[in-house]
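Since the structure comes first, as structure tokens, the remarks are kept for the end.
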Amino acid sequence: MWRLCVLGFRHQPRLMAASLGLSQLAALPDALLAWWIMQLGRAVIEQRPALVYSAAVGLAVSTTANWLLGTVSTRVQRRFRDRVTIALESHVARLQASIGTIAHQERPEYLDRLSMLRSQVFVLDHMYMSLFSTLGWILRLAVTMTLLVSIHPALLLLLVCALPTVLTSTWRPEVERAAEERGAQAYRLSRHLFTLATTASPAKDVRLTGIGDKLTTGRRAAWQRWYGPVAATRWRSAWWHAAGWAVFGVGFVAAVVFVSAGLGAPADDVLLVLAAGARLSTYVGATVGEIGFLRGFWMDGARRLAWLEDYAAASASLDAVPVPAALRQSLRLDHVSFSYPGTTRVVLDDVSVTLPAGAVVAIVGENGAGKSTLVKLLAKLYEPTSGSILVDDLPLSQMSPITWRARLAGAFQDFFRFEFPARHTVGLGEVARLHDTPAITMALDRAGAGDVIARLPAGLDTQLGATWPDGVEVSFGQWQKLALARGFMRTQPLLLILDEPTAALDAETEHALFERYAAAARGTGSNNGRITLLVSHRFSTVRMADLIVVLDGARLVEVGTHEALMAHGGQYSALYGIQAAAYR
Ligand SMILES: Nc1ncnc2c1ncn2[C@@H]1O[C@H](COP(=O)(O)OP(=O)(O)OP(=O)(O)O)[C@@H](O)[C@H]1O
Ligand SMILES: [Mg+2]
């Protein structure tokens, strides 16, 4: 929470100070109402008209000030909140994007935290208001207690009677929160099923498989699995809370009896106990309620934010070794093994291979052999579980992921469809040249995607994605070509990644395109030693690589040129034989 306060103050120092000051000022007239009521009572009993008038005016001014200051304070606080919300959102987004690896966006234990933080970022800003009003309630409580103690110190015991409510209010949100978190998986599943049943992208598969009804009942069941225990916990905690309030009620009645009958105090004192005591219950309730909110909800959000900040700081990898300007020797995997974080299955098992600078390297292997995983490790989206990756003998693990990835280009197999105007969809492959039309056209050309743009109604300025106004949907293969073009925006990468970028194209087009990449790679290869890494299931394409890496069930089984591997007569030549025979 302290971090959130610092963050708020850094962004809006004046508004934050004004909000705090006003919220405390607004607390005073409210707390003093009981005192004015006592004054009024005393003046009436003593029959002193002048005092009656001044007390009545005091009461009126206090009431008006209470309302006025409350309104002004709320307005100022809301203004502060609006301003600080956007700062918080950018903060969370920046933190997430700053994390070099992507494990936190895939693993369930992190995901639940993140999804809660994403939905809570909008309410984190409530924390400030809640904090200010907590302080305001404490001020009211202090003033009221001073008034009561001025009658008799024993009235302090009223606070003791309020203790059970304090305890139940602090304990309540915690157990409710814990119950919600225990069911977070079920809750996420119910959201997921709801999205499946109602959004456009799964719509085709949902209808084809006819699972619409199943989704609805599944969602209902998942929601019930989440809500059942949560509701039971809420009821239980509400009962305890009510019992706590009953204790305070008994104490309050006892205090009034004690002052009037026990002490035989004058009527105006009894009036003060009645007025202040009644308010005390409200103040104690509001204070503990607000603290409960702070602890249970906003502090929880703040804690998640702190976790994200720490996680981002911890994974802000070193920048100990600079990324070389050009590859001189090789990219080398040295006994690299890998399991996805949070899983135990070994996806890459003790892989050692040297990819020489300037080479065109193909990776082949059946589905699930670990080809894309290898590519992701080279892109530093994950760190190897053991072993190391060396860039010209320098450890990749010691390099900044941001600087390293600035030297990568290409397209992943599961590329993302950026629904922007086509120019940006392609151009953001190199943000610095987002508006550089010739560069974009050139990248489109190299990816063989010129025809995609030519068919769009407004060319490069066409909005992509059917859900946008005037948006145009393109086919999967066309999206893939655009993703490939995006990958070609960087002209001087050290590593060009082509993870089945042309799988949706016919074999002939893929062949022609890849021949061009290979030629281009060899042409500029002398410049910076770029390595071109191609994953493909088509051996007609693979065979022209300088080096072919064969993966089988997480292990590297063969490495060599097409000729060498064919002569060797191992797995590669067998698979090649099957495909070649099919084509013949
Ligand atoms: N994010 C992930 N979390 C956990 N396991 C994963 C993840 N991505 C892939 N895997 C597992 O790792 C194994 C290798 O997957 P990978 O995507 O590297 O295969 P591939 O060789 O690229 O296959 P394909 O030819 O189908 O693209 C698979 O068995 C898959 O189940
Ligand atoms: Mg793959």
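Of note:
- Screening the stretch 340-366 for residues that are polar (S, T, N, Q) and within 27 Å of M544 (Cα to Cα) and picking the one that is farthest from ligand 1 (Cβ to nearest atom) gives T354.
- Helices (runs of 4 or more DSSP H) contained entirely in the stretch 1-119, each with at least 3 residues that are surrounded by 14 or more Cβ atoms within 10 Å (Cβ to Cβ), assigned by TED's automatic domain parsing to the domain that holds L139 and modelled with pLDDT under 85: 49-98
- Unique match (being over 30 Å from L33 (Cβ atoms), more than 32 Å from the chain's Cα centre (by Cα) and part of a helix (DSSP H, G or I)) among L167, L158, L215, L208: L208
- Yes/no for Y311 being more than 15 Å from ligand 1 (Cβ to nearest atom), in contact with a helix residue (DSSP H, G or I) (Cβ under 8 Å, 6 or more places away or on another chain), closer than 30 Å to L156 by Cα and of a type in the set (S, T, Y): no
- Out of S400, S386, sole residue that is more than 13 Å from ligand 2 (Cβ to nearest atom), surrounded by fewer than 16 Cβ atoms within 10 Å (Cβ to Cβ) and among the small types (G, A, S): S386
- Checking each residue in the stretch 533-551 for being within 11 Å of ligand 1 (Cβ to nearest atom) and either small (G, A, S) or buried (at least 19 other Cβ atoms within 10 Å of the Cβ) (or both) picks out V535, S536, L551.
- Qualifying position, being among the acidic types (D, E), in contact with a helix residue (DSSP H, G or I) (Cβ under 9 Å, 6 or more places away or on another chain) and over 24 Å from D414 (Cβ atoms), among E563, E558: E558
- The number of residues in the stretch 423-441 being surrounded by 14 or more Cβ atoms within 10 Å (Cβ to Cβ), without any contact (Cβ under 8 Å) to a residue 24 or more places away in the chain and over 28 Å from the mean Cα position of the chain (by Cα) comes to 2.
- Test: residue in the stretch 481-489 that is surrounded by fewer than 17 Cβ atoms within 10 Å (Cβ to Cβ), in a loop (DSSP other than H, G, I, E, B) and more than 16 Å from ligand 2 (Cβ to nearest atom): no
- R405 meets all of the listed conditions (1) surrounded by fewer than 21 Cβ atoms within 10 Å (Cβ to Cβ); (2) at pLDDT 90 or above but one, namely (2).
- Only one of the listed residues (A359, A447, A369) is within 16 Å of ligand 2 (Cβ to nearest atom), touching a residue at least 12 places away in the same chain (Cβ under 8 Å) and closer than 18 Å to V535 by Cβ. That residue is A369.
- Of all positions in the stretch 201-218, none carries a residue that is of a type in the set (A, V, I, L, M) and closer than 30 Å to A276 by Cβ.
- If you go through the stretch 162-217 and keep only what is among the hydroxyl-bearing types (S, T, Y) and more than 21 Å from W240 (Cβ to Cβ), you end up with Y187, S190, T195, T198, T199, S201, T209, T216, T217.
- Looking at the stretch 334-414, the strands (runs of 3 or more DSSP E) lying wholly inside it that each contain 3 or more residues that are farther than 19 Å from L556 by Cα sit at 408-411.
- Here the condition is being within 16 Å of ligand 2 (Cβ to nearest atom) and either touching a Phe, Trp or Tyr at 6+ places or on another chain (Cβ under 7 Å) or closer than 18 Å to T354 by Cα (or both); of L547, L494, L534, L565, it holds for L534 alone.
- Checked against (1) touching a helix residue (DSSP H, G or I) at 6+ places or on another chain (Cβ under 9 Å); (2) over 25 Å from T491 (Cα atoms), K481 passes all but condition (2).
- Of the residues A379, A369, the single one that is small (G, A, S) and near ligand 1 (Cβ under 8 Å from one of its atoms) is A369.
- Qualifying residue in the stretch 509-518 (condition: over 30 Å from R423 (Cα atoms), in the same structural domain as D392 (by TED's automatic domain parsing) and exposed (fewer than 15 other Cβ atoms within 10 Å of the Cβ)): no
- Residue in the stretch 394-404 that is more than 29 Å from the chain's Cα centre (by Cα), in the same structural domain as Y340 (by TED's automatic domain parsing) and among the polar types (S, T, N, Q) present: no
The values are calculated or read from the model by the stated rules, or taken from the named source; none is laboratory data. These numbers were taken from a predicted model, which means no experiment stands behind them. FYI the Cβ positions are ideal-geometry reconstructions off the backbone, even for glycines, and counts take in every protein chain you see.
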